[in-house]
1. Considering only the range 21-43, state which residues are open to solvent by 80 Å² or more (accessible area, probe 1.4 Å), part of a strand (DSSP E or B) and in contact with a helix residue (DSSP H, G or I) (Cβ under 9 Å, 6 or more places away or on another chain).
2. Can you pull out every residue in the range 52-73 that is hydroxyl-bearing (Ser, Thr, Tyr) and modelled with pLDDT under 95?
3. Which one of the conditions (1) modelled with pLDDT under 95; (2) touching a strand residue (DSSP E or B) at 6+ places or on another chain (Cβ under 7 Å) does residue 76 fail to meet, given that it meets all the rest?
4. Do you know which residues across the range 44-73 are surrounded by 14 or more Cβ atoms within 10 Å (Cβ to Cβ), farther than 11 Å from residue 13 by Cβ and in contact (Cβ under 8 Å) with a residue 40 or more places away in the chain?
Amino acid sequence: GENIHPEKIEQAILALPAVEQCVVVPVPDATYGRRPVAFIKGSPGRQALAEALSCLERFKHPDHILDWPTEHFGQMKPDRPALQQLAESLVK
């Protein structure tokens, strides 16, 4: 397996002016062990997002792009474990 660093994906997505916040978390995957899922606050548009991610290898692109949750995630520093649990429940 390849190492995927969430921070690199987040940096690429956060470069878009329409993105306020982004957190990438791993979720279990039957084939690869874990795959990235991104939570995005903002509305960058599909084309802009594809262009931003084009600087990364294809296997590093998130499998799912989810809207930023409104409940319980309003603090300054996102709760990554809670976001990971939420992602796991949403992408099953």
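The values are calculated or read from the model by the stated rules, or taken from the named source; none is laboratory data. All figures in this text were calculated on a predicted structure; none of them were measured in a lab. Here the Cβ positions follow ideal geometry from the backbone for every residue, glycine too, while neighbour counts run over all protein chains shown. These accessible areas exclude ligands, DNA and RNA; they are computed on the full protein's heavy atoms, side chains included. Shrake-Rupley method; radii C 1.70, N 1.55, O 1.52, S 1.80 Å.
1. 28
2. Residue satisfying the conditions is 70 alone.
3. Exception for residue 76: condition (2).
4. Within the range 44-73, 60, 68 qualify.
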